[in-house]
Amino acid sequence: MNAPPGAHGELRAPLLQGLWEHVRSGQEEILLSPYLSASFAFLTHILLCSPFLALDVLGGFCLRVRSWRIAAGSGPPPSPRRWLDCFWRVLCGYATTILPATALVHALRSPALPALAPSCWRLFTEVFASLLLFDTVFFICHVAMHRVPWLYRNTHQLHHRHHTPFALAAQDSGSLELLTLLLLSLGSACAVGCHPLSEAAFHLINTWLAVEDHCGYELPWALHRLLPCVGGAPHHQVHHKVLSVNFAPYFVHWDVLFGTYRAPGRHSRPQ
């Protein structure tokens, strides 16, 4: 049996409503903590990177795993030392930039939590709309960061120290770029009017897509193999090799429309 209709008349999904009530029950103090967003984002990023760390370790002696690495100039898997160095930079970025910024945003937002969960359809549309909006605005900002020399030197060049990206490097950027990405993701969810549960799902999927984009593997089960509209790791690795193409983070339609799409396997010399 479905729960009562919400404000817009859609039927509540019992599973989502039960999940939302369980999350809210006796835990509102945690949910409203100014430190939750940054902690959740950092731990999510690390956990989603963990399988790729395991693949990089296995790639040292397993031919099957090495065969999944993107071949064009990818080289050997990153060493544990490279992972550790990147981990400390990402941790520092979260501590000095993401945590203060999310605490400030939290102080400016309404602390009230809705009693009702979103319907399944509302959750899907809000998450999908947020991903499309984020992808669009990031494409514009990313092109600007590459085309304007001052912006590239002062925001994006640090991220491109990784000519061959790996999962943890998805958020290995300077403070200004980290702040820009944070505002883009929060702004996308806010512009769409996401329910808190939809916003959490959006941030989770957004993080996973960024990790997968940078993982350096052409996995048999990767999302871009199922959805041609998604570029995936091969698409983004071309961007790290050829800086003037493949600016969109997840989908390929903007690169196709503006003539900046480069299919994987068609590398030229880095620019």
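Just a few scattered comments:
- Where Glu126 falls short, out of the listed (1) of a type in the set (Asp, Glu); (2) out of contact with any Phe, Trp or Tyr (no Cβ under 9 Å at 6 or more places or on another chain); (3) closer than 23 Å to Leu209 by Cβ: (2)
- Residue check for His214: in contact (Cβ under 8 Å) with a residue 24 or more places away in the chain and surrounded by fewer than 23 Cβ atoms within 10 Å (Cβ to Cβ): no
So that you can scan it fast, the table gives a plain yes or no per residue for (1) at pLDDT 90 or above; (2) exposed (fewer than 14 other Cβ atoms within 10 Å of the Cβ):
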position	(1), (2)
Thr96	yes, yes
Val105	no, no
Ser110	no, yes
Leu116	no, no
Glu126	yes, no
Ser130	yes, no
Phe134	yes, no
Cys141	yes, no
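Okay, residues lined up against (1) among the polar types (S, T, N, Q); (2) more than 18 Å from Val238 (Cα to Cα); (3) touching a Ser or Thr at 6+ places or on another chain (Cβ under 9 Å):
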position	(1), (2), (3)
His106	no, yes, yes
Leu131	no, yes, yes
Met145	no, no, yes
Leu158	no, no, yes
Gly187	no, yes, no
His195	no, yes, no
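- Scanning region 141-169 for residues being under 18 Å from Asp213 (Cβ atoms) and of a type in the set (A, V, I, L, M) gives a total of 6.
- Filtered residues of region 144-170 (kept if more than 16 Å from the chain's Cα centre (by Cα), closer than 21 Å to Tyr261 by Cα, in a helix (DSSP H, G or I) and hydrophobic (A, V, I, L, M, F, W, C)): Ala144, Met145
- Of the residues screened, Arg82 is one that is surrounded by 14 or more Cβ atoms within 10 Å (Cβ to Cβ) and of a type in the set (D, E, K, R).
- Checking Ser198, Ser185 one by one, the residue that is assigned to a helix (DSSP H, G or I), of a type in the set (Ser, Thr, Tyr), in contact (Cβ under 8 Å) with a residue 24 or more places away in the chain and in contact with a Lys or Arg (Cβ under 9 Å, 6 or more places away or on another chain) is Ser198 and no other.
The values are calculated or read from the model by the stated rules, or taken from the named source; none is laboratory data. All of these numbers come straight from a predicted model, not from anything done at the bench. In this analysis, Cβ positions are derived from the backbone assuming ideal geometry, glycine residues included, and neighbour counts consider all displayed protein chains.
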